[in-house]
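Q: Take this structure, written in structure tokens, and hold onto it; I'll ask about it next.
No value in this document is a laboratory result; all are computed from the given coordinates. Computed from a prediction, not measured in an experiment: that's the story for all the values here. Here the Cβ positions follow ideal geometry from the backbone for every residue, glycine too, while neighbour counts run over all protein chains shown.
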Amino acid sequence: MCVSLGPRTYEILIGPGLLPKTADIIWRWHVQHAGKPPAQPGALIVTDTNVAKLHADAVRQSLEAAGWSVDVIALPAGEKSKSLDVVNTVYDRLIERQADRRTVIFAVGGGVVGDAAGFVAATYSRGVPFVQVPTTLLADVDSSVGGKVGVNHALAKNMIGAFYQPFGVLIDTSVLATLPDREYKSGLAEVVKYGVILDAEFFAQLEAQTDQLNRRDADTLAAVIARSCRLKADIVEKDEYERTGLRAALNYGHTFAHGFEALCGYGVLLHGEAVSIGMVCASRLAERRGLIDASVTKRQVDLLSALGLPLRLPDGLRITASDMVARMRLDKKAIAGQLRFVLPTRMGHVETMANIPENDVLAVMETVGVV
Ligand SMILES: NC(=O)c1ccc[n+]([C@@H]2O[C@H](COP(=O)([O-])OP(=O)(O)OC[C@H]3O[C@@H](n4cnc5c(N)ncnc54)[C@H](O)[C@@H]3O)[C@@H](O)[C@H]2O)c1
Ligand SMILES: [Zn+2]
């Protein structure tokens with residue numbers, strides 16, 4: 001499938017066992033983009049310390065066997081690597097090897113590696129080609145598609161970045177076999193989100209396939225990843241630079257989720273876990289505002305719970321309502337401090353709403369354990 005963005009159009013390739021075929025695939029993409037094969041091809045594989053041991057070698061071996069000169073840099077695994085300090089070590093490596101604009105950067109890892117390596121690709125030498133090779137479910141269905149790249153500032157997540165589309169996205173579904181269970185489920189939360197915001201039929205399909213999803217059935221997963229990527233690509237094609245408000249729909253549940261993540265300390269709740277609880281809040285908020293009836297929330301609660309995702313904050317975690325409201329007012333999506341929420345108006349459709357009374361927000365947060 002393609003993300004159609006004029007001269008920045010690129011392919012998303014999904015299937016099992018693709019990593020050993022990396023060189024052939026890149027060759028084809030290069031010819032499509034540049035009209036000729038890469039001359040003296042050089043690559044920097046950016047990965048993290050976990051994925052380096054599991055999957056990065058398959059990419060390296062494929063490229064080397066095809067005559068590429070390949071260097072690998074493994075960032076420390078975890079969100080802390082999305083920082084200018086860590087990104088600087090990647091620039092160091094590129095300069096050491098005198099990399100020029102023909103060097104292709106391969107981001108082999110989860111969203112952290114994709115965001116950080118993509119930012120390097122956007123900025124090194126004013127832009128070098130990069131390929132997303134996502135290895136988490138979250139990166140497969142969300143972060144690898146759409147061209148948002150960047151790092152965190154000490155005071156604000158994702159605050160330093162760019163829109164920079166990859167040259168292609170190579171999704172090898174076999175690598176999900178090694179993904180820890182919590183990380184896998186966290187990715188499923190974003191999949192559920194696509195159903196709620198854009199596609200009622202997809203949501204119903206997920207409801208019918210919870211067993212297959214829980215046992216990571218390969219065919220089910222490939223189909224679910226493809227549908228999620230298509231839904232995200234459709235939005236990105238219409239609102240690449242997040243100007244029309246359309247792309248904001250992807251933030252369903254996220255205003256709450258970002259508050260939860262920040263206030264419990266990054267890493268305590270995984271992103272998808274926070275999104276799961278955030279969607280429960282947002283749907284209950286829509287219900288309180290009379291936008292949907294209770295069945296729309298119940299279906300989400302039932303599906304999230306069947307997929308092993310949390311519906312409320314873990315016991316023992318103390319997050320206060322006043323801290324949450326203060327956080328949400330700082331959210332990038334708030335305008336002049338006014339709370340705005342992406343809320344469902346029926347299954348498969350959301351709208352951005354301003355002027356939501358604070359009392360309603362407080363009431364729904366209480367239901368998930370905010371004190
Ligand atoms: N750019 C975007 O549009 C966008 C969208 C959503 C999220 N994000 C970003 O993505 C990041 C989260 O991504 P993530 O959830 O993939 O986290 P991550 O990159 O930290 O990966 C999660 C963990 O899984 C490990 N891992 C990765 N692949 C593995 C595999 N196949 N087998 C075993 N272990 C593996 C990693 O080493 C890490 O410990 C956040 O920083 C978030 O801001 C970006
Ligand atoms: Zn998300």
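Q: Once the other residues with Cβ under 13 Å from the Cβ of residue 216 are scored (Lys, Arg +1; Asp, Glu -1), what is the net sum?
A: Values: positive: 185, 215; negative: 140, 181, 183, 211, 217, 219.
My count for the surroundings of residue 216 gives -4.
Q: Then there's this: Whole angstrom only: what separates the Cα centroid of region 240-307 from the Cα centroid of region 1-53?
A: When both Cα centres are located, 33 Å separates them.
Q: Using alpha-carbon pairs under 8 Å, 6+ residues apart, how would you state the relative contact order of region 2-178 in percent?
A: Here the relative contact order equals 25 percent.
Q: So, one more: In sequence order, what are the phi-derived ³J(HN,Hα) couplings for region 145-152 according to the Karplus relation 6.51 cos²θ - 1.76 cosθ + 1.60 with θ = phi - 60°, rounded to whole Hz, with x for glycine and proline?
A: The phi angles translate into 10, x, x, 7, 10, x, 10, 8 Hz.
Q: First obtain the Kirkwood hydrodynamic radius of the chain from its Cα pairs, then insert it into the Stokes-Einstein equation at 20 °C and 1.002 mPa s, and state the resulting D in µm² per second as a whole number.
A: Estimated diffusion coefficient is 102 µm²/s.
Q: Let me ask another. Order of 197, 26, 14 from fewest to most other C-beta atoms within 10 Å?
A: On the way: 197 23, 26 26, 14 18.
Exposure proxy ranking, most exposed first: 14, 197, 26.
Q: Related question: Sorting 164, 194, 184 on the 10 Å Cβ count, fewest up front, what's the list? Before the final figure, lay out the partial values.
A: Working: 164 18, 194 26, 184 21.
Ranked by crowding around the Cβ, least crowded first: 164, 184, 194.
Q: Separate question: Quick one: helix 111-123 against the long Cα principal axis of the chain, what's the angle to the nearest 10°, folded into 0 to 90?
A: Helix 111-123 and the main axis of the chain meet at about 60 degrees.
Q: Another question, if that's okay. Would you calculate a helix-derived [θ] at 222 nm for the chain, using -39,500 (n - 2.57) for each DSSP H run of n ≥ 4 and dividing by the full residue count, to the nearest 500?
A: For the chain, the value works out to -14000 deg cm²/dmol.
Q: Work through the residues other than residue 264 whose Cβ is under 13 Å from its Cβ and net out their charges, Lys, Arg +1 and Asp, Glu -1. Present the calculation step by step, with values, prior to reporting the outcome.
A: Numbers: positive: 312, 318, 327; negative: 261, 273, 315, 323.
Summing Lys/Arg as +1 and Asp/Glu as -1 gives -1.
Q: With a sphere of radius 14 Å drawn around the Cβ of residue 300, what net charge do the other residues whose Cβ falls strictly inside it have (Lys, Arg +1; Asp, Glu -1)? Present the calculation step by step, with values, prior to reporting the outcome.
A: Details: positive: 193, 284, 298, 299, 312, 346; negative: 190, 199, 207, 287, 293, 302.
Result for the local shell: 0.
Q: Also, I was wondering about something else. If you fit an axis through the alpha-carbon atoms of helix 218-238 and take the longest principal axis of the Cα set of the chain, what angle between them do you get, 0 to 90°, nearest 10?
A: The answer is roughly 90 degrees.
Q: Further question: What does the charge dipole of the chain about its Cα centre add up to, to the nearest 20 debye, if the Cβ of each Lys and Arg holds +1 and the Cβ of each Asp and Glu holds -1? Present the calculation step by step, with values, prior to reporting the outcome.
A: Numbers: 39 positive and 41 negative charges, 130 e Å.
My answer is approximately 620 debye.
Q: Quick query: amide H of residue 160 versus all other amide H atoms, modeled in the peptide plane; which residues come in under 5 Å with a sequence gap of 5 or more or a different chain?
A: Those lying under 5 Å, H to H, from residue 160 are 151, 153.
Q: Relative contact order, percent, of the chain when contacts are C-alpha pairs under 8 Å separated by at least 6 residues?
A: Working: 657 pairs, mean separation 52.8, N = 371.
Worked out over the chain, it gives 14 percent.
Q: Relative contact order (percent) for region 226-371, with alpha-carbon contacts under 8 angstrom and 6 or more residues of separation? Write out the running numbers ahead of the final one.
A: On the way: 183 pairs, mean separation 37.9, N = 146.
That works out to 26 percent.
Q: On a 0 to 90° scale, report how tilted helix 254-263 is relative to the longest principal axis of the chain, with both axes built from alpha carbons and the result rounded to the nearest 10.
A: The two axes meet at around 80 degrees.
Q: Could you line up 84, 63 from fewest to most neighbouring Cβ atoms inside 10 Å?
A: Numbers: 84 14, 63 21.
In order of increasing Cβ crowding within 10 Å: 84, 63.
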